[in-house]
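A short write-up of the structure that comes next.
Computed from the coordinates by the stated procedures, all read-outs in this text should not be read as laboratory data. From a predicted model like this one, the values you see are computed outputs, not experimental measurements. Neighbour counts run over all protein chains shown; Cβ positions are idealised from the backbone, glycine included.
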Amino acid sequence: MAKSHSFDYNALLERARQALPEELSSESRWEVPELDLLYEGRTTIIRNWRDIVDTLRRDRTHVMSYLLRELGTAGDGDEDRVVFNGKLTLQQIQDKMDAYVHTYVICSECHRPDTHMTKDGRTTLLKCDACGAHKPVRARRKAG
């Protein structure tokens, strides 16, 4: 016959948490780089564009067209930077970047950034590599 062991759940849980590497137990392992803006006359330039889209792991043109549409301005960009017509504040651009990340990058189930976008017919799906969830992407608008 097998011996029955008495285990304290909380003690075992704490032991397991201590055995985890720091980067797995930390919630802030992924961060979008801060916007590095430059103003030249009546234009606003994001100088660290490459770092931002590489961190997001999204197509540069997709992110740029989203920002242009949401900011209601024209602009142009290349691999390293994006130029917007007009003087835009850091807060205006940051708010739109946060909305993009919330809609097109972060998984709605596990809240991790380990996602990629795929097409299923005419529907764009956000598939999570961490938890396996997949949901259609819908632009989530804030009221007011």
What's the angle, to the nearest 10 degrees (0 to 90), between helix 90-104's Cα axis and the longest principal axis of the chain?
50
Work out the FRET efficiency for T118 and R57 from their Cβ-Cβ distance, taking R0 = 22 Å, and round it to the nearest 0.05.
0.95
Taking Cα Rg over 2.2 N^0.38 Å straight from the coordinates, which label in [x] 1.17; [y] 1.38; [z] 1.43 is the correct one?
[z]
Taking the 0 to 90 degree range and rounding to the nearest ten, how far is the long axis of helix 60-71 tilted relative to the main principal axis of the chain, both from C-alpha atoms?
70
Placing each pseudo-label 7 Å from Cα in the direction of the beta carbon, R15 and W30 end up separated by a distance in nanometres of 3.2
Range in the chain, longest, excluding exposed GluC sites (Glu not before Pro) [loop by DSSP; at most 16 other beta-carbon atoms within 10 Å]:
35-78
